[in-house]
Amino acid sequence: MDVDIGNALSSVASPGVSRDSLERLDERVALAHERIEAGRNADAHGYAALNLPERTDPDAVRAVADSLGDPEALVTVGIGGSALGAATITDALGAGLETAYLDNVDPAWIAERLGRLPLSETAVNVVSRSGTTAETLANFLVVREVFADAGVDWTERTVVTTGESGPLAELADRHDLSRLSVPEGVPGRFSALSPVGLLAAALADVDLEALLAGARAEAESLTESLFDCPAYAYGATAYALNCRGASINAMMPYAESLETYAEWFAQLWAESLGKDGLGATPVCALGATDQHSQLQLYRAGPRDKLVTFVVPSGRPELQIPDTEVDELAYLGGTDLGTLLDAEFAATEASLAAAGRPNVRIELDRVDAHGLGGLLYGMEAACVLVGELSGVNAFDQPAVEWGKRAARGLLGGGEFEEAGAIAGKTSLRVER
């Protein structure tokens with residue numbers, strides 16, 4: 001993973017950051033790096049996520065995958081970080097495996113999605129560290145019943161990925177289910193490179209060793225200077241621009257296979273950094289699709305955005321046929337990858353010409369090694385921004401408040417947060 005921050009400099013963009021400001025900020029980056037390394041060495045909560053490339057055992061994940069045989073489909077029952085990391089990897093790299101990620105509890109969508117699966121050839125992975133996540137457990141109970149009603153023994157096809165104790169761990173013991181462990185000290189949104197994200201990848205025949213090797217390469221690049229470390233260069237630049245008014249970060253990969261990655265990034269950035277009145281709002285975009293929609297706002301709207309491009313330098317070829325239409329003759333003889341690269345170059349240049357900050361993240365290609373490096377690099381960048389902002393990037397108190405309110409509303413215990421629902425202010429406009 002390489003990073004080009006040239007179009008975020010104040011000589012190009014407004015808001016922008018000067019080279020002198022980056023030099024001064026680099027002193028704080030060095031101190032933050034020391035704290036990050038101390039956390040990693042202590043395997044402290046959160047920082048332990050940055051040790052996953054060295055500590056995740058792909059053979060253990062693959063052994064559980066092999067125990068499921070050769071399923072045609074996989075249902076992952078989880079929410080947030082329990083699903084997005086796996087979805088990012090399989091959407092980018094998976095082939096030959098149908099995947100369904102039940103990360104919402106919309107009844108119509110769940111029923112439709114399960115109704116399309118070949119249940120007798122479908123495996124299930126239910127993922128929750130605590131084993132108490134309401135949405136995950138509710139969906140899993142539905143999945144069990146659907147399997148049972150179809151005459152399929154769900155116990156032979158189910159893996160439980162959870163912590164050392166809790167309801168799911170007890171369920172796994174009771175039914176002798178295959179089991180993977182959620183690593184200690186790793187928040188869900190940082191768990192893509194753990195068994196949480198890798199079981200689906202293994203079943204989809206993704207090269208787990210290459211994925212982790214790409215992440216290790218990024219880990220080895222973590223140094224005390226942003227000028228020597230792509231992940232820190234990105235994190236420090238995003239932080240500096242946020243301080244100067246770029247409070248929205250639009251993540252815009254130029255690869256269809258990375259569309260889910262943008263969603264993964266949005267959770268990582270929002271849940272980790274949105275605290276104490278701080279944090280930039282992540283937005284998902286996709287090149288070249290959103291050149292025809294969101295780009296109008298990014299180029300001509302308020303100057304409150306950083307646009308982050310992710311661009312692979314290597315793409316497969318798909319030729320564009322020649323045409324008898326004179327106006328389209330320039331397209332003939334080239335290929336779609338060349339067109340997409342030209343679309344990116346034009347978008348990047350158009351933002352720079354309008355003085356809008358943007359950063360380019362370059363990958364050799366969208367493969368296991370490149371994706372592993374990208375995921376790790378963004379995690380390290382996020383942790384750095386947390387350090388520079390003075391916020392804990394590893395907790396999520398606002399999320400927990402909502403969980404308690406919902407559980408109290410459903411009768412799952414006495415939670416004072418549930419009282420806020422009854423006290424809602426209403427101003428209804430009716431037909």
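The values are calculated or read from the model by the stated rules, or taken from the named source; none is laboratory data. A quick note: this is a predicted structure, and the numbers were derived from the prediction, not measured. Cβ sites come from the backbone with ideal geometry, for glycine too, and all protein chains shown count toward neighbours.
A few notes on this one:
- All helices (runs of 4 or more DSSP H) inside region 126-226 with 2 or more residues being under 30 Å from V385 (Cβ atoms): 134-149, 195-203, 208-220
- Applying a threshold of 7 Å to beta carbon distances and a minimum spacing of six or more residues, or different chains, the list of pairs starting in region 40-66 at a residue that is under 27 Å from C382 (Cα atoms) and ending at one that is in a helix (DSSP H, G or I) and among the polar types (S, T, N, Q) reads R40/N51; D43/N51.
- In a residue-by-residue description of region 318-336, the property of being more than 25 Å from G390 (Cβ to Cβ) and under 24 Å from the mean Cα position of the chain (by Cα) applies to no position.
- Residue list for region 141-161, filter: farther than 20 Å from G413 by Cβ and within 28 Å of the chain's Cα centre (by Cα): V142, V143, R144, R157, T158, V159, V160, T161
Conditions (1) under 22 Å from the mean Cα position of the chain (by Cα); (2) surrounded by fewer than 24 Cβ atoms within 10 Å (Cβ to Cβ), marked per residue:
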position	(1), (2)
L84	yes, no
L93	yes, yes
R116	no, yes
V126	yes, no
R129	yes, no
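- Residue within region 317-327 that is assigned by TED's automatic domain parsing to the domain that holds G274 and either among the polar types (S, T, N, Q) or surrounded by 18 or more Cβ atoms within 10 Å (Cβ to Cβ) (or both) present: yes
- Residue check, L374 in contact with a Gly (Cβ under 6 Å, 6 or more places away or on another chain), under 22 Å from A192 (Cα atoms) and either surrounded by 13 or more Cβ atoms within 10 Å (Cβ to Cβ) or touching a residue at least 60 places away in the same chain (Cβ under 8 Å) (or both): no
- A240 being in a helix (DSSP H, G or I), closer than 22 Å to R299 by Cβ, in contact (Cβ under 8 Å) with a residue 12 or more places away in the chain and of a type in the set (A, V, I, L, M): yes
- Residues satisfying the stated conditions in region 5-31, i.e. of a type in the set (V, I, T) and outside any helix (DSSP H, G or I): I5, V12, V17
- Every pair of residues 6+ apart whose Cβ atoms lie under 7 Å, when the first sits in region 138-152 and is closer than 17 Å to P167 by Cβ while the second is at pLDDT below 95 and assigned to a loop (DSSP other than H, G, I, E, B): A138/V105; N139/V105
- Answer residue from region 44-70, given it is assigned to a loop (DSSP other than H, G, I, E, B) and crowded, with 18+ Cβ neighbours inside 10 Å and is farthest from the chain's Cα centre (by Cα) among those: L68
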